[in-house]
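I have placed the structure first, in the form of structure tokens, so that the comments after it can refer back to it.
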Amino acid sequence: MAEMAPGLKLPSWLRRRIRALSRTQWQVPRHAGLKGTALLFAATGIAGVISADRVDETLTWVSSASGLAIDNVRITGQSETSEIAVLNRLELQPEASLALLDLAAARERVETLPWVENATLRKIYPATLKVTINERKPFVLWQRDQTLSVIDETGRVISDASDGHYDLIRVVGQGADKRAGEALALADTAASIRSRLRAAVLISERRWNLVLDNGVTLMLPQDEPAEALALVAALDQKDGFLSKDIVSVDMRLGTRMFVRLTPEAAERRTAQIKEREKLAKRKGAST
């Protein structure tokens, strides 16, 4: 031990600690060199991964090697959305890790599919990803020019309908997609007409024409269309007005109604009028 400087005296408790340490037998732990070398290699490897920006790839490999690779994807709830489309949106790489999958990002990608309103993703360890789809409900068909689409209640286009696969009410015209609910609510005020409704045409984004299953068009006014519709429904209930040979009922003036006959009915009507005129002339001549 080193000599203490003359005149310097350590406290007794410190002198006892120094004597105890001097008697201790220091030994290097067994395999300390091997462990230190292994630790050095591990640190070097981690530094290399970080510097090469391959942390995610390495963690995925480690997770997969540990038995957490996604081996099964269960998709439920969909009818219009294909499983292939969902799998493409999941963007799962080979040997993708269940533990490291970003559920929020994957869900957002799945919800970009046209029919998907929302999706729920759940990890089922050790190797299954469960995807539950809630699809949008088809509401009506929207026609503008030659394009026909399926839309939901909000007016969002969710599918092409040119193949005639969907048996839905058709709304026609610019802006009709956002106001389809308005047309159906109007038709609902007259149940007998609603059951026969096939299309609603928005005219100049101001008023509606309703087209029935027999082709008859009801031309409703911009103001108080429900009252005009109630009048037509009452006439139809009384004598089957809408089942007669007519093409359209014009109620745009509100207080007055104009009925257009079919060509055949118009021709018969003209013939009847002429025949009455002839009879009237004969009676006049005989008197």
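So which pairs qualify, if the first residue must be in the stretch 198-222 and among the basic types (K, R), the second must be assigned to a strand (DSSP E or B) and modelled with pLDDT of 95 or more, the Cβ gap must be under 9 Å, and the two must be at least 6 apart or on different chains?
Listed by first residue and then by second, the contacts come to R198/R170; R198/L210; R198/V211; R198/L212; R207/M219.
Mind listing whichever residues of the stretch 70-112 are within 12 Å of K130 (Cβ to Cβ) and in contact (Cβ under 8 Å) with a residue 60 or more places away in the chain?
Across the stretch 70-112, there are no qualifying residues.
Among what's in the stretch 151-181 and is among the acidic types (D, E) and in contact with a strand residue (DSSP E or B) (Cβ under 8 Å, 6 or more places away or on another chain), pick the residue that is surrounded by the fewest Cβ atoms within 10 Å (Cβ to Cβ).
Filtering the stretch 151-181 down to residues among the acidic types (D, E) leaves 152-153, 160, 163, 167, 177.
In the following step, the residues that additionally are in contact with a strand residue (DSSP E or B) (Cβ under 8 Å, 6 or more places away or on another chain) were identified as 152, 160, 177.
Details: D152: 20, D160: 12, D177: 21.
My answer is D160.
Out of L229, L235, L184, report the one residue that is more than 30 Å from V157 (Cβ to Cβ) and part of a helix (DSSP H, G or I).
On the way: L229 fails: more than 30 Å from V157 (Cβ to Cβ); L184 fails: more than 30 Å from V157 (Cβ to Cβ).
None of the others qualify; the one that does is L235.
The values are calculated or read from the model by the stated rules, or taken from the named source; none is laboratory data. All values derive from a computational prediction rather than experimental measurement. All Cβ positions, even for glycine, are placed from backbone atoms using ideal geometry, and neighbour counts span all protein chains on display.
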